[in-house]
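In what follows, a structure is listed as structure tokens, so that the remarks can point back to it.
The values are calculated or read from the model by the stated rules, or taken from the named source; none is laboratory data. What you see is a predicted model, and the numbers here were worked out from it, not measured in a lab. Here the Cβ is made from the backbone with ideal geometry for all residues, glycine too, and neighbour counts use every protein chain on show.
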Amino acid sequence: MTTDSRSASSPTSAITCHSLTKKYRGVAVVNDVSFEVAPGSVTGFVGANGAGKTTTMRMLLGLITPTAGDALIMGQPYRELVRPRRTVGAVIDGPGAHPRHSARTHLRILATAMGVSHQRVTEVLDRVDLTAYARGRVGGFSLGMKQRLALASALLGDPDVLLLDEPVNGLDPRGILWMRDLLNELAGEGRAVLVSSHLLSELDQIAERVVIIDHGVIKADATVEELAEGRSLEDVYFELAGSLADTSTRTTPRGAAR
């Protein structure tokens, strides 16, 4: 994969989780999690609802304080980054836009707060194929369009790191194919991309590396080729983490993230 100059000066690991643990009422929802994501790569973060994916991402973004361990972006905690929103872009809970605002207005507000030119708004709208809907009110957007707007928000600061929680949720098959191509392009530009998803067959085609988490514990961390060995990623997942029904129905302590 070809990378641009941004990767030349980047650390070996753009995202680092080291012995990361989060407990609620004494129950560990993330337990001693360690993995890394290198610049210029797409890493899939796989697990059922309640497995600990979103909690881990929230700790990386400084939204949740770890009980123990380290969650680092470019070698530093998120809160210590000089320009955090221009270093890491995230899609965690959708675009967070006012339903009466247009897509362009929403992005302009974010750009002003970040110190980014409004020309960048035009660029990211084009990159996520929302230019034709730039004046449309967000409240009238489909779920897929909101996902595109959330991604545009994440790309505003031209970040080196992207954390994307279920980015293909709500996209139709054409949209999923578009997302696949875009994520590969972003990694090809030297960015580190961490993508959580339930669509294992899709991650099989996007990710170079896969981290499988189950009940807050890392079950596997390897390249797709190393994991699969001729099998599908779904087969590997069920072998390591059990059925989706088993992991989806476990009880997550109240107040805990996914």
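Checked against (1) under 11 Å from the mean Cα position of the chain (by Cα); (2) modelled with pLDDT under 95, residue 51 passes all but condition (1).
Residue count for the stretch 186-201 under the criterion of being under 15 Å from the mean Cα position of the chain (by Cα) and farther than 15 Å from residue 53 by Cβ: the result is 4.
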